[in-house]
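Engineer: Have a look at the structure that comes next, please.
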Amino acid sequence: MQSPTEIQQHLDSVEDAFRRARLRAMQRVAGGLLLLAFAVFCLARSLSGLHPAWGYVEAFAEAAMVGAVADWFAVVALFRHPLGIPVWHTAIIANSKDDIGRNLGQFVESYFVTEEGIAQRIRQANPAGLLGAWLLAPGHAAQLGHATAKALKALLNALDDPSMSQLLKDAAAGQLARFDISANAGQLLDLLVAEGKHQQLLNSVLHSLGDYLSEETNQQQATDFLIAAFGVENVLYKVGTAAIGPRALRSLSRSAHEVLEDPAHPARERFNGWVQNFVLHLKDDPQWREFIVRHQQDTLANERVQALLGGLWGRVKARLLDDLGRDDPAMARQISVLARKVGQALAQDARLVEGLNGAIESGSVLLVRNYRGEVGHFIEAKLAQWTREEMTDRIELAIGRDLQFIRINGTLVGGLVGLAIYSVTRLLG
């Protein structure tokens, strides 16, 4: 399958061949007129004694030949030396190649690539309005979505996985290292306390604790947990704890329900104080902040965490490629929906269209202002890459056919001028 560049080169060669064929056809017409004038001249010369009218024909044909040859010389001299003879001031285009490139670049800069011209053209074109209309046209948003998804898939496959993996790993690790856990946690807890969320959390804990301890089947497990937690080894202590434990647990369950049912219970105020004190430590205590930062750095340096960060790119890429490999990727649908929303916004909001057009105009004018000189240099450098023969051939293909009409007109006009001169001479005796 041919690449877009190869296809364009093929189309250019076909177009050049077509132009060359048309040029050769017009050259044959102009040359044929010269030969016709020569034939008529010979005929009129041989028959001039038979009738005075042949003198007029001879004068016309003679002047037509002169005009044809003169204009042939003028046209050929633009591109090459006539008959290969290096006559002075011929092959003008070939000899002036560098000057043509420089002057053409300056001409384009001065009269085409101007800030006012570009701005006026953008205002006339209304690119934002055209974009909105195109996005709302049937099928265009979906087409854009699928085209973007296809391009994204090709881009993902072209990226270097080890480099991208390292890049994403370093970026994620850097962001996590700079993240201020202490300050952000303090701000989050401030919001939760302001909205009473910490009391809701306490209610949830107390409700679960009360329900758990109120069931006799759970009390023995809790008692065994206390004995193990306090490391009781003495048999008498174990017996005492086993006897007192259930009553203590039932008392704890009743206390939990009391706090749960009383919004003004003193325990709640003490809990408020603990939470607020904890928040103050998070936000303002240097020792706490240092402790958290140290453990944050140690966690990031952990091998498992590093391996997790190193595998981010692989997982992200696999998920994206899995979606983009489907017939109707979710990515394409999302882009299509976004494109339609943009189209609707541009169609309904005139201020948005005006603002986007203004941004495009300002950006384009800025580009012209900053890189205007590069346009002339680009044209000059591009033409400098061509050889004299290549430049001559390209220009001749572009305008050579029209120049053949000069030869045709020169033949006819020269003949008429010669006829007029001969007629005036005859009239004056």
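The values are calculated or read from the model by the stated rules, or taken from the named source; none is laboratory data. Please read all numbers here as calculations on a predicted model, not as lab measurements. Positions of Cβ are backbone-derived with ideal geometry, glycine not excepted, and every protein chain shown enters the neighbour counts. Ligands, DNA and RNA are excluded from the accessible area calculation, which covers all protein heavy atoms including side chains. Shrake-Rupley method; radii C 1.70, N 1.55, O 1.52, S 1.80 Å.
Engineer: Any idea what log10 I(q)/I(0) is at q = 0.11 Å⁻¹ for the chain, Debye with uniform C-alpha scatterers and no solvent?
Structural biologist: Log10 I(q)/I(0), no solvent term: -1.19.
Engineer: Compute the Cα gyration tensor for region 61-167, then decide on rounded, prolate or oblate, letting a ≥ b ≥ c be the square roots of its eigenvalues: rounded whenever a/c is under 1.5, prolate when a/b is larger than b/c in the other cases, and oblate in all that remain.
Structural biologist: prolate
Engineer: Follow-up. Just to be sure I understand: with springs between alpha-carbon atoms less than 10 Å apart, which residue in Leu366, Leu130, Leu280 has the highest mean-square fluctuation in the Gaussian network model of the chain?
Structural biologist: It is Leu280.
Engineer: Same structure, new question: Using a 1.4 Å probe over the heavy atoms of the protein chains, calculate the carbon and sulfur portion of the accessible area of the chain as a whole percent.
Structural biologist: 62 percent
Engineer: Ala347 to Leu159: extension gain in nm, 0.36 nm per residue of separation minus the Cα-Cα distance?
Structural biologist: That pair, Ala347 and Leu159, stretches by 63.9 nm at full extension.
Engineer: At R0 = 41 Å, how high is the FRET efficiency between Val365 and Ser3 if r is their beta carbon distance? Nearest 0.05 is fine.
Structural biologist: Efficiency, from the Cβ-Cβ distance: 0.70.
Engineer: Additional query: Lysine pairs in the chain 8 or more apart or on different chains: how many have alpha carbons under 16 angstrom apart?
Structural biologist: Number of lysine pairs found: 4.
Engineer: Using a 1.4 Å probe, what is the accessible area per residue for region 298-382, in Å²?
Structural biologist: That works out to 68 Å² for each residue.
Engineer: Tell me what the chain gives for mean residue ellipticity at 222 nm when only DSSP H runs of n ≥ 4 count, each as -39,500 (n - 2.57), the sum divided by the residue total, rounded to 500 deg cm²/dmol.
Structural biologist: -29500 deg cm²/dmol
Engineer: Heavy-atom accessible area per residue, region 1-142, 1.4 Å probe: how many Å²?
Structural biologist: 65 Å²
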